[in-house]
Every structure is written in C-alpha cells, then in structure tokens.
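Chemist: Can you read through this structure? Questions will come right after.
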Amino acid sequence: MKVSFFGVMPHRELPDDFERRYKSVWVDPPFTELADPVRVGQYYNWTLDEYVHAAKAGFDGVCLNEHHQNAYGFMPGPTLMASALARETNHLNTAIVMLGSTLTTNFPLRIAEEYAMIDAISGGRIVAGMPPGSSMDANQAYGVPPIETRERSAEAHDLILRAWESKKPFAFNGKYTKLPKVNIWPRPIQKKPPVWIPGAGSASTWEYVARNKHCYCFVSFFGRKMAQNVLDGYWAFNDQYGLDRNPYRAGFNQVCVVGETDESCERENAKHIEYFYKRSLHVPEHYWALPGYQDYPSLEKTVRSGVLAKMTEKLAQFKTYKYKDFVNDEMIIAGGPETVRDRLIDLSKRLRVGNLMLVMQLGSMPPELTKKSIDIFTSKVLPQLRGVWGDEWENHWWPERCRDKPAVKSVERANA
Amino acid sequence: MSAVTHRERTLSLWGKKINPRVFVGGEGRPVIFLHGAGGLLWDDFLDALAKNFTVHAPEFPGTSPGEYDAIKLLDDWHDLVVYYAELIDELGVKNATLVGHSFGGMIAAEIAAANPRSVEKLVLVAPLGLWRDDTPIPPWLSMNGEEMSEVFFHDKEVAKRFMLSPDSAVTHPDLLLAATWALACAGKFTWPIPDRGLRDRLHRISAPTLLVWGDSDKLVPPIYAEDFKSGIANSRLSLVPGAGHAIIHEKHSEAARAVCDFIGT
C-alpha cells in the first residue's frame, strides 16, 4: 500500500456565521470581505510546513490539487507548491502526487512543461494526475462550457503524453489546441510518469482509464459507503475489460485524523471536522455539476438510479451531523491508532484500493494539531498498512525510484 | 381553446449524423419556431400560431430523443449557423418567417444576419445574443430551479407549472433529464457569456423585424430591446406588460397576437 498526505490549503478562520451569510464557499464568497492577504500568506506557509512535515515523518507521497475562487482550499497553482516541495524533499523518497493541474483550466502544454520541471527538480518523483477540474473550477471560475469539459480534458491528456514521449517535434491539430511544432523542454526524467485520473463514477472515465492503462482515483469526502458502488463498478468494469485486479489500479481519498486515543482525538478534532463539513464544504448542491458537466449516460444513471436523490438527502444530513455521526457513518476515519488502523485496513480491502490518500489537514485545524496527527499516524498506523497487499502486486502507478525504499538514488546521481 | 394537432417528423442533416425531431402543425404560410435553452414544448403559444400558419418547430441539436451526442458534432458558432441554413433548406420552406425565443432568438437573428435573403420576416422574442456591461445577463446555467424560476418568470403561479422542483428526480425523471440536457446543449453556445459577436452583424438583418419583450424580463431586461431596435434597420418593438422572460408561457395570447398581427395572413 502507498499512503499519501493530502492538504487542501483551506481558509482556516471563516466566521461562525459564514454558512448563514454566504451562499457558497466556492465561486461566490468575496475575498476582500473574508480574508486578509497577509494572513493568507501565513496559511500557504503553514500548508507547506505540514506537507514537508508529512514527508519527513514517512508518508509515501504528498498530494496536491488545483482549485479556484474559494475558501475551501485555494491552491490555484498546485505546481508552485509542488515545486517548493520537490526541492525540500530531495533527500527523501516521497512521491509528489499531482492530483493535480486541471486539464481544462490550463494551457495543456504548460502542464506538460511544469510536470516535467517538477519531475526534473525532484529527480523523477512525480505522479502525473490529470483531473478535468471540478464544475465550480472549470465551468464557473474558468468559464469552460460544461458540455466541453470531458472532450477538452481528453484532448489535453493526449497532447501532454505525446509531448512527453515524442522524439521529434510534431504538429498538433486538436479541436481546442492547435500547434505547429510541439517540442517541449524539459522532458520528465521518468520515461512514463504514472498517470492518475480522478473520477466520480462515470463508466466513460473507467473506459478511458482502462484504455490508457492509468490509475483511477475516486476523490470524495464522503467515505467508504458512498464510494463502495463506484469502486465495485470500477472493478467489475475492469473484469469485463480483461484487466487484472491489481489494487494499485485504484486510488481513494479519505478524511482521517489520529489522536492518542479515540476520546482525545474527538476532544481535539471535533470542531475542526464540523468546520470542514459545514463551512469548507458549504457548496450549493447544483454547483457540483452544472448541466453538461456529466455526460448524458452518467446524468441518466445519476437521475434514474436514485443517486441524485440520495446525494440530496446526504448533503442535507451533514448540516446536522456531529463528529460522532461522521465517524459512525464512516465518512471520516478518526480516533486512536488502533481504531484508525483497523478502519483503514477494512476500507482498503473493501474498496480494493492500493493508493490511499489521507486528508489530514481539514478546515480550521491548526498546524500543531495537524502535525500531531501526522506523527501518531506515521509512527503507529502507517507501518501496519504498508503490507496490506502483500508482495503479490507491483504498483506500476508509482514513480519507479520510489517503489522500493532500498533502491533510492540520490538526486545528484539521478541528474548526473 | 382547442389544441391544434401537430405531427412529428425527423430530418436527416449534417451528413446524416444529426437527426432532429421537428414538430409541425397548422396550415398557411410557413413559420419556423426556434425554442429557448430549456428545450421545445408545443404549448399554447405555438397552438395560437398554428391557428394561422404552418408552424415548423425543430429541436435544437442534442435535444431530440436518442440524439444526445449530436451536439458534439457542432464545434462552434459558425458550424451552428451553417447547420441551421441546412436545416431550413431541408425543411423545404421558402421565404420563411423565423420566430425565435430567447436562445432561439439569438440563433434566428444570426441566421437573418448571415443570409438576409433567406428570411422573409423575423420575430425575436426576448432574444439573447447581445451583452451590456451595465446590465449583465445572469448566468442561468449555474442556478438552481428556484433561482432560474426567479429570473425566467414574472408570474410565480405560471412558474410553478413549468419549473421542476427539487424532488423531480423522483417524480419526473424524464422531464428532469430532458430539461437538464437541453440546458447543457444550449450551454455549449451561451456559457459563460451569451454573446457570439451578433452586435457586429446586426446591421446585416434586412427582414422586417418584430421584437417582443416582457416589460418585467429579469434575464434579458428590456434595455436590450433598445439595442436590438437600434441595431436592426426595419424593426419595431412590442412591449408586453406583466411578462417576464418566459413571456410565451406567461402571456402567450398577447405574445401570439403581436406575432400574428405582424406576420399577417
């Protein structure tokens, strides 16, 4: 099992009446009413500190993602953060998991170049995630017509991979990007940087992942129960497609906090968990997918299967949830080391996930508490997770030099 | 008021790859009706027109049953305008009067500007297509049902009959799917800003033009009527009191009467 630390760079001090005063945490809240640029500078540095701390404490990877116009987590330029982390972790073997630069909100070639730079700076440690971008980001913040989201993503993906692999300059005649001579400098150190594709359960994404031999990630804050159908669907699809059941073909994102004991964990983290779900995720339901963001078959499935109605019910429920409800409903995994270990092993096996991402900094959680959670996790839980999948499967979706600890090469040698 | 029977036909366009359904009803001079972003509904307004004319109402690409991917075949605004020229040819209608509502009005105006001789008369009912920084058009695609209802309708009672409610996924899944996908397809050409440069081409419209507007239109406020009126040489405005953007539902008799009087018999 590979386990990565995920922080989202949130606003940590939203006012108590935020969700009553503002329609949404995403797209609409005015920066100048709610944030101070100097304080925000502090947030970025706290976030970087937490990432570095997680890497040094022994996490296998650090995950970064891109979001715009929001107080949930505002890392509009994840490669800026990744660049700093790549440099600071050069003596370690931590994968830089980009989950990542969003394909519809960047000029695709720029992603190819920046990922290649990060791979170069880190000595070949990048995981090249290629998310389309959330509907709030791609469609609202960046104005991409929702119905074009997938098509633009697929085209950008093809261009990026070709730009990395092509030995000679080539012309690219896409629908959305047209270029006379593609010839990017630099190129990634890794011959084929592993590609992870985040999805939300569309069969068309499973097909796309299978066809391209990538890793599929379900990025959600709603825990195993909401994920089970999606991952079951993914594995059933892969079976039909004729792929093996290598658990590293799948990634999952889980909210997780650890304390000395179940009780102390609750005492220290309850208000931050509630802040996260009520305030950081204060998003009007319809924002998650403007019409066209889902392709028609997915939309039809969502409406007819009752998932839409279930989501509506669930989202309404969260507003009244307390810490214990989140735990009992398996939305978060929280508690002392034994509890967290058992729950994570259970989750990984039931979802059949080899690449686990843990969101361990949430909303208002201060840096010291985050680091404490990281330390207990890496010392008491992580060692017991590593062997979950035995040595039956190889993680082809992990940077090669980070796959086995003894095989570490220094950056100097890698770059020599 | 007895409903006019309408029939369906399916056209085969764009190298037989786009096959829109067309509702046809009534007798008399041909009128082509282009619907708004929410999809086509044969309602009282079209009924009233069909009492005087032959109404051809094609569905926007992507919104006919089984045709959801057709929208992918039209890449840009140029494609769409050429597509509609092909559609009008294929309908076999000469000297048509074009009537377009909202997004349909934006397309109708563009057809009349691209090929002025193909349009005998033009009726634009609360058309989209222009943009004013002092009166931005609200981004309807990012709204929930309640918010949409607020900007589309003046009359809340009428709104209740036409808008879907939060539990529509359970009670009316087919309607919810159709409406959502219709918005998605129109969104390809209207998101994030419903302006594809029509202002620069308005001067080419030579057909006598009637603008029909609700005086309480909150989506495309009546100030836009003035821009269309000053941009189209041979145009006049019929402002209907107590109507919002969904004027063809809210004040269908008044709107239809204005259109029929303008087209003549």
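The values are calculated or read from the model by the stated rules, or taken from the named source; none is laboratory data. Given the structure is predicted, the values throughout are model-derived calculations rather than measurements. Here the Cβ positions follow ideal geometry from the backbone for every residue, glycine too, while neighbour counts run over all protein chains shown.
Chemist: So residue A:323 ticks every box in (1) without any contact (Cβ under 8 Å) to a residue 60 or more places away in the chain; (2) within 14 Å of chain B (Cβ to nearest Cβ); (3) farther than 26 Å from residue A:28 by Cβ but one. Which box is left unticked?
Modeler: (2)
Chemist: Among the numbered criteria (1) in contact with a His (Cβ under 6 Å, 6 or more places away or on another chain); (2) modelled with pLDDT of 95 or more; (3) surrounded by 20 or more Cβ atoms within 10 Å (Cβ to Cβ), which single criterion is violated by residue A:362?
Modeler: The number of the failed condition is (2).
Chemist: Moving on. Among residues belonging to the range B:158-178 that are over 24 Å from residue B:69 (Cβ atoms) and small (Gly, Ala, Ser), point out the one that is farthest from the other protein chains (Cβ to nearest Cβ).
Modeler: Restricting to residues being over 24 Å from residue B:69 (Cβ atoms) and small (Gly, Ala, Ser), the top hit is B:159.
Chemist: Residues A:209, A:255: which one is in contact with a strand residue (DSSP E or B) (Cβ under 8 Å, 6 or more places away or on another chain) and closer than 30 Å to residue A:364 by Cα?
Modeler: On inspection, the qualifying residue turns out to be A:255.
Chemist: In the range B:52-89, which residue that is away from every other protein chain (no Cβ under 14 Å) and of a type in the set (Phe, Trp, Tyr) is farthest from residue B:205 (Cα to Cα)?
Modeler: Of everything passing the filter in the range B:52-89, B:53 is farthest from residue B:205 (Cα to Cα).
Chemist: Another one. If I filter the range A:308-320 down to residues being without any contact (Cβ under 8 Å) to a residue 24 or more places away in the chain and part of a helix (DSSP H, G or I), which single residue comes out as surrounded by the most Cβ atoms within 10 Å (Cβ to Cβ)?
Modeler: Of everything passing the filter in the range A:308-320, A:308 is surrounded by the most Cβ atoms within 10 Å (Cβ to Cβ).
Chemist: Let me ask something else about it. Condition check: on the phi > 0 side of the Ramachandran plot, of a type in the set (A, V, I, L, M, F, W, C) and at pLDDT 95 or above. Does residue B:85 satisfy that?
Modeler: It is false that residue B:85 is on the phi > 0 side of the Ramachandran plot, of a type in the set (A, V, I, L, M, F, W, C) and at pLDDT 95 or above.
Chemist: Report, by residue number, each residue of the range A:104-159 that is among the acidic types (Asp, Glu), within 14 Å of chain B (Cβ to nearest Cβ) and surrounded by fewer than 24 Cβ atoms within 10 Å (Cβ to Cβ).
Modeler: A:148, A:151, A:155
Chemist: Name the single residue, out of those in the range A:307-320 being away from chain B (no Cβ under 11 Å) and charged (D, E, K, R), that is farthest from the chain's Cα centre (by Cα).
Modeler: Out of the qualifying residues, it is A:319.
Chemist: Sticking with this one: Looking at the range B:139-157, which of the residues that are away from chain A (no Cβ under 13 Å) and either touching a residue at least 40 places away in the same chain (Cβ under 8 Å) or outside any helix (DSSP H, G or I) (or both) is surrounded by the most Cβ atoms within 10 Å (Cβ to Cβ)?
Modeler: The qualifying residue surrounded by the most Cβ atoms within 10 Å (Cβ to Cβ) is B:152.
Chemist: Would you check if residue B:194 is modelled with pLDDT of 95 or more, closer than 28 Å to residue B:161 by Cα and buried (at least 24 other Cβ atoms within 10 Å of the Cβ)?
Modeler: Against the criterion (modelled with pLDDT of 95 or more, closer than 28 Å to residue B:161 by Cα and buried (at least 24 other Cβ atoms within 10 Å of the Cβ)), residue B:194 qualifies.
Chemist: Let me spell it out: the conditions are (1) within 21 Å of the chain's Cα centre (by Cα); (2) closer than 22 Å to residue A:276 by Cα; (3) assigned to a helix (DSSP H, G or I); (4) in contact (Cβ under 8 Å) with a residue 24 or more places away in the chain, and residue A:348 meets all of them except one. Which number is the exception?
Modeler: (2)
Chemist: Can you tell which of A:22, A:51 is surrounded by 16 or more Cβ atoms within 10 Å (Cβ to Cβ) and touching a Pro at 6+ places or on another chain (Cβ under 6 Å)?
Modeler: A:22
Chemist: Something else now. Residue A:238 - would you say it is more than 30 Å from residue A:274 (Cβ to Cβ) and either away from chain B (no Cβ under 14 Å) or not in a helix (DSSP H, G or I) (or both)?
Modeler: yes
Chemist: Answer yes or no: is there a residue in the range B:90-103 that is in contact (Cβ under 8 Å) with a residue 24 or more places away in the chain and within 14 Å of another protein chain (Cβ to nearest Cβ).
Modeler: Checked against the condition, which is being in contact (Cβ under 8 Å) with a residue 24 or more places away in the chain and within 14 Å of another protein chain (Cβ to nearest Cβ), the range B:90-103 yields at least one hit.
Chemist: Now, a different point. On the basis of being charged (D, E, K, R) and part of a helix (DSSP H, G or I), does residue B:89 make the cut?
Modeler: yes
Chemist: Sticking with this one: Among residues belonging to the range A:283-306 that are among the charged types (D, E, K, R), part of a helix (DSSP H, G or I) and more than 7 Å from chain B (Cβ to nearest Cβ), point out the one that is nearest to the chain's Cα centre (by Cα).
Modeler: A:285
Chemist: Output the qualifying pairs, or none if there are none: Cβ atoms under 8 angstrom, residues six or more apart or on different chains, first residue in the range B:195-211 and over 15 Å from residue B:111 (Cβ atoms), second residue of a type in the set (D, E, K, R) and in a helix (DSSP H, G or I).
Modeler: B:199/B:227; B:211/B:229
Chemist: Please verify whether the range A:32-50 includes one or more residues that are touching a Ser or Thr at 6+ places or on another chain (Cβ under 7 Å) and either without any contact (Cβ under 8 Å) to a residue 60 or more places away in the chain or acidic (Asp, Glu) (or both).
Modeler: Looking through the range A:32-50, at least one residue is touching a Ser or Thr at 6+ places or on another chain (Cβ under 7 Å) and either without any contact (Cβ under 8 Å) to a residue 60 or more places away in the chain or acidic (Asp, Glu) (or both).
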